[in-house]
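Scroll down for the structure; my scribbles are underneath it.
The values are calculated or read from the model by the stated rules, or taken from the named source; none is laboratory data. In this text the structure is predicted, and so the values were computed from the model without any measurement. For neighbour counting, all protein chains shown are included, and Cβ atoms are generated from backbone atoms with ideal geometry for every residue, glycine included. To get the accessible areas, we keep the full protein, side chains included, count just its heavy atoms, and leave off ligands, DNA and RNA. Shrake-Rupley method; radii C 1.70, N 1.55, O 1.52, S 1.80 Å.
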Amino acid sequence: MTFVKELWGKIKKLFEPTDMTVGTPWKSIAMFAVPMIIGNIAQQLYSTVDSIVVGKYIGDNALAAVGSAAPLVVLLMVLFVGISAGSTIMVSQYFGAKSREDLSHTIGTSIVLIGVVSVAMMIVLPQFARPMLELLDTPPSIIDDCTLYLKVSIWGVAGMGFYNILTGVLRGMGDTFSALIYLLIATVINVVLDIWFVAGFGMGVYGVALATVIAQFISAAMCFVKLLRMRDVFDLGKEQLKLSRKYTGQLIKLGIPSGVTQAIMSAAMITVQALTNSFGELFIAANVIVMRVDGFAMMPNFSFGMAMTTFAGQNVGAKKFDRVKTGAKQGTVIAVGCAVVITTIILLFGKYLMEIFTDTPELVQQSVYIMRILAVGYIAVAVTQSLSGVMRGVGDTVTPMWIAMIQTIALRIPIAYGISYLTKTPELPTGRFECVHVSLLISWVMGAVLTSLFYKSSKKKLMNMDVSRA
């Protein structure tokens, strides 16, 4: 009986907020990051299962349609990413400072703000779906399916928005395990609905998009119920559920740079997508497969970046600046180690990974070739994400934004189109397709260099920032 009580106590503790201002830094970061890695992998399964079901049951053209819509779906996330990033930083610092009132108003304001943004997007954006795809020169053979997938994603944007903001709040308080469980449940539902709607009812691309939207709403609902049960940590009533000028201003000030960063990345994807589309349906489909594998490969990097944000935020709130520096070193080393393992797996087993998505030999061969170009870049991204996470956690969201702008506007887009132009021949009227991914690799490496240089030169200044002065 005692054993059962102890076991239940340990399990219950996993679902509680975690104080990252105590204990060994690298252990705190790792314990926070591991559930998030699993959760992010589960989230990536949303789009991956879509691709597998579409590729196997509908065909390669439908696979290309889903992939062509993906950059615009990511663009929908810009405002949510910004609000979520600002919320995570504020929640982590106020939680670390043990300021219940500030914590409560931050959470309430975030929820209301995301609701207003979601409703506005669902009303306005559907009418622009097809014009945006036409602007990207989406091939006529896939544009109808592409438009349908994009419209359904827009109609379900509220689920996407609330999930992002609510998990951001949970992360800020050090709770990644709850979000993991809810996301795993939603992922299973998504897989079942995907197969049911597409293979069972023959709903095509519409069924794939609808399954994902339903799963996102379910995961958001479960996160909200979890927050309602955390009244011992913060308050969530009429007084908190309003757009307070003070907290809305702080969220916007901290969130806009993160939102702009996401917008820049999305704009780069969309701009390069137009170039990708010029290489035809086969390359588009190969690129979709690569991006699905890339999504999994990036998950540890993003997870460690978010872990570093929460770790830095809580410790800045508690005024433990030396602990932030130690955690930055230890967390980056762990992230780079994970990236090395992932790169090795991609290089050794890339062919088997690609065969999960398609039975077409040409697609598999081209996808493996592209993945080998990108593989080493994941190590560079590990450095960028870890140190950028520290910067955001201490309140500096502007520097990562400028670095992202340099990576994409000054490097990736010009290099991609430059290589395409310089390699044009009568046989290759649009140039060599490698331009798309070589440019991405170069931007990743330069991003790591710039992030490392800035963090090293501005360490002292960074450790004296906090949202209470925002």
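Surrounded by fewer than 18 Cβ atoms within 10 Å (Cβ to Cβ) and either modelled with pLDDT of 90 or more or within 19 Å of the chain's Cα centre (by Cα) (or both), is that true of Ile379? Walk me through how you get there before you give the answer.
Numbers: surrounded by fewer than 18 Cβ atoms within 10 Å (Cβ to Cβ): no; either modelled with pLDDT of 90 or more or within 19 Å of the chain's Cα centre (by Cα) (or both): yes.
So Ile379 fails the test.
Which ranges mark the helices (runs of 4 or more DSSP H) fully within region 111-210 that have 2 or more residues being modelled with pLDDT of 85 or more, surrounded by fewer than 22 Cβ atoms within 10 Å (Cβ to Cβ) and more than 21 Å from the chain's Cα centre (by Cα)?
Helices (runs of 4 or more DSSP H) meeting the threshold: 129-135, 143-155, 177-195.
Which ones in region 400-433 are touching a residue at least 40 places away in the same chain (Cβ under 8 Å) and open to solvent by 20 Å² or more (accessible area, probe 1.4 Å)?
Scanning region 400-433 gives Met401, Met405, Ile406, Ile409, Arg412, Ile413, Tyr417, Thr430, Phe433.
Can we say Met298 is in a helix (DSSP H, G or I) and surrounded by fewer than 23 Cβ atoms within 10 Å (Cβ to Cβ)?
Considered against the rule, which asks whether it is in a helix (DSSP H, G or I) and surrounded by fewer than 23 Cβ atoms within 10 Å (Cβ to Cβ), Met298 comes out as yes.
Going residue by residue through region 237-245, is there one that turns out to be farther than 30 Å from Ile442 by Cα and either in contact with an Asp or Glu (Cβ under 7 Å, 6 or more places away or on another chain) or in a helix (DSSP H, G or I) (or both)? If you could, list the steps in order and put the result at the bottom.
Narrowing region 237-245 to residues farther than 30 Å from Ile442 by Cα: 237-245.
Cutting the leftovers down to either in contact with an Asp or Glu (Cβ under 7 Å, 6 or more places away or on another chain) or in a helix (DSSP H, G or I) (or both) gives us 245.
Checked against the condition, which is being farther than 30 Å from Ile442 by Cα and either in contact with an Asp or Glu (Cβ under 7 Å, 6 or more places away or on another chain) or in a helix (DSSP H, G or I) (or both), region 237-245 yields at least one hit.
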